[in-house]
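Note sheet for the following structure.
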Amino acid sequence: MTELLIVGGLTIDRFADGSSAAGGSVIHAGRAAVADGVRPAFLTVAGDEPEALGGLEQLAAMGDLLRLPSPWTTTFAHAERDGRRLLTLERRSAPIDSPQAPPAGRAALLAAPIADELPASVLGALIDATGPSLVVCLIQGWLRHLEPGTPVRPLPLSEVADATWAVLGSADVVVVSTEDLAEAPGDPFAQAATLRASLGDRPVLVLTLGAQGHLLDEPSASRVVASMPRRVVTDVPTVGAGDTFGAVLAIQLARGLTEPTQASEVASDRVVAMLESRRT
């Protein structure tokens, strides 16, 4: 059984109808892993709010859990404007620090921060300590301008620290949504080129385009490949789609599917299936 370590903080998501629930990439990626027959391990940070404790229970039911404490959990207020999700940061958790005994021996490490809670130095130390054969980074959490009480907006790539780019550039795969690059100039191909310039020539780069599919930039290939899903699912919540894509991609590559284009197609199909399941 392929083993996967998922690293990132929990969130509390507050919605316009007054409800709230635990969220975060760790939960969505964990569900995708379990659905793919994998028992993941989690390294996360969270407070003791009822929603956070419920989220921790979900993680513990899915796999091995190492939780770092925080005075509170990263909390977002959710709204919608012009058909787009709008997040407002209410509070941020403490950062993830290097644990004394991180889960080791995992085939793959999926880094999935949501509010810059995973410092680049800690990610580098985790990679050294756990020795994964594959490192996949979902980088939206490093590309957000975060100020409590204000809407979250994309961080210009020029403002991302060089130390962060250095660690991300050492990963095997980097996944990001075009929505997280709203301040980058040009079309998705131009965005991919801008990211490539920051990442260097090691990682496979996947730029997800929502319902339009994804771009895959493999450094050894002669061109960027555009992929459109066979089926487009509309009128359902898309939260967690990118996390599902990243988790399945990591699992497929760790299982030995050596062609990133094939692994990304499997991941895309799983996202479509997950979205279609929300119709029932």
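Values quoted throughout were computed directly from the atomic coordinates according to the rules given, and no laboratory measurement underlies them. Every value quoted in this text rests on a predicted model; they were computed, and no experiment measured them. FYI the Cβ positions are ideal-geometry reconstructions off the backbone, even for glycines, and counts take in every protein chain you see.
Of L138, L87, G30, which is farthest on the positive side of the dipole of the stretch 4-277, counting Cα position, with +1 on Lys and Arg Cβ, -1 on Asp and Glu Cβ, and the Cα centre as origin? It is G30. A Gaussian network model of the chain, with springs between Cα atoms under 10 Å, assigns the largest mean-square fluctuation among E259, E218, E179 to E259. Could you tell me which of A221, L109, A46 has its Cα farthest along the dipole of the stretch 4-277 towards the positive end, charges placed at Cβ (Lys, Arg +1; Asp, Glu -1), taken about the Cα centre? Working it through, the farthest residue towards the positive pole turns out to be A221. For the chain, the mean residue ellipticity at 222 nm estimated from helices alone is -9500 deg cm²/dmol, where every DSSP H run of n ≥ 4 contributes -39500 (n - 2.57) and the total is divided by all residues, rounded to the nearest 500.
Once C-alpha pairs closer than 8 Å and six or more residues apart are averaged by separation and normalised to the residue number of the chain, the relative contact order reads 16 percent. Just to verify a number: FRET efficiency for L86 and E49, C-beta to C-beta distance, R0 = 25 Å, to 0.05? In this case the efficiency is close to 0.65.
Between S198 and Q212, the contour length at 0.36 nm per residue exceeds the alpha carbon distance by 2.6 nm.
Neighbour counts of other Cβ atoms within 10 Å put H214, H145 in the fewest-to-most order H145, H214. How would the stretch 160-223 be classified by its alpha-carbon gyration tensor: rounded, prolate or oblate, with rounded meaning a/c under 1.5 and the a/b versus b/c comparison settling the rest? Verdict is oblate for the stretch 160-223. Highest mobility in the GNM of the chain, judged by mean-square fluctuation with C-alpha springs under 10 Å and restricted to R39, R84, R144, is found for R84. In this Cβ point-charge picture (+1 for Lys and Arg, -1 for Asp and Glu), the chain has a dipole of about 420 debye about its Cα centre.
Let me know the shape class of the chain, please: from the alpha-carbon gyration tensor, a ≥ b ≥ c as square roots of the eigenvalues, rounded when a/c is under 1.5, otherwise prolate if a/b is greater than b/c, or oblate. Since a/c stays below 1.5, the shape of the chain is classed as rounded. Does the stretch 1-87 come out rounded, prolate or oblate by the C-alpha gyration tensor, with a ≥ b ≥ c the root eigenvalues, rounded set by a/c under 1.5 and, if not, prolate when a/b is larger than b/c and oblate if not? Oblate is the answer for the stretch 1-87, as a/c is 1.5 or above yet b/c matches or exceeds a/b. Relative contact order of the stretch 95-215, taken over Cα pairs closer than 8 Å and 6 or more residues apart, is 22 percent. In terms of surrounding Cβ atoms within a 10 Å radius of their Cβ, F189, F76 rank from fewest to most as F189, F76. Find the percent of Cα-Cα distances in the stretch 124-167 that exceed 11 Å, and round it to a whole number. Percentage above 11 Å: 74.
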